[in-house]
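Read through the structure below, which is laid out as structure tokens, and then see the notes.
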Amino acid sequence: MKSLLYATLFIPVLFFSCKQKEQQCAVPKVKSSVNIAFVGFTKAQLNKLWVSSYLANNNFQNFRGSDTIISPDTYLTHDTAFASTLLQPFAQLKANSDYELIIPSVHASYRITNIQYGTDTMAIWNTTGDCGTQSSYPQYAESIMVNGFKVLPSYDFGSTPYFFLHQ
């Protein structure tokens, strides 16, 4: 009888002492480049793109550099949109720059400014109690300005957001 009493007291103590402490951790997010989808264009019209980069919030006055993207083959198709991730290193559109994207075949020009992201961290619960071992998560842009108009992302191509540029 005594052993049963000791067992009923000892087992819960053992169980609770082995339970690890949960801790809320702030996990960093890594800003992802902006993905662009072209609506109403043909692949032939998108055969060549010019991308110029400028210092952000400087009214396109401080030129940083430019790149020509010829025959991009990174297109996804959905309805009437072609999505390009613009994989060339220079053409990855990120915060802290403004961009001018020119499609010479149709004489179209898009000025992309004010790339907005949310918070730089996210809170998660870690059951090990150690916040130092967390990996980072992608942070996607929440809005951009295109030719002075605010554009919100679309998730028509899956879990990655794309910003639509219309012809």
So, in the stretch 24-70, of the ones that are aromatic (Phe, Trp, Tyr) and touching an Asp or Glu at 6+ places or on another chain (Cβ under 9 Å), which residue ends up modelled with the lowest pLDDT?
TRP50
Take the residues in the stretch 155-167 that are touching a residue at least 60 places away in the same chain (Cβ under 8 Å) and under 12 Å from the mean Cα position of the chain (by Cα); name whichever of them is surrounded by the most Cβ atoms within 10 Å (Cβ to Cβ).
TYR162
Would you call SER136 modelled with pLDDT of 75 or more and hydroxyl-bearing (Ser, Thr, Tyr)?
no
Does GLY118 qualify as being farther than 21 Å from LEU46 by Cβ, at pLDDT below 90, outside any strand (DSSP E or B) and of a type in the set (Gly, Ala, Ser)?
yes
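The values are calculated or read from the model by the stated rules, or taken from the named source; none is laboratory data. Quick caveat: nothing in here was measured; it's all calculated off a predicted structure. Please note: Cβ atoms are built from the backbone with ideal geometry, for glycine as well, and neighbour counts cover all protein chains shown.
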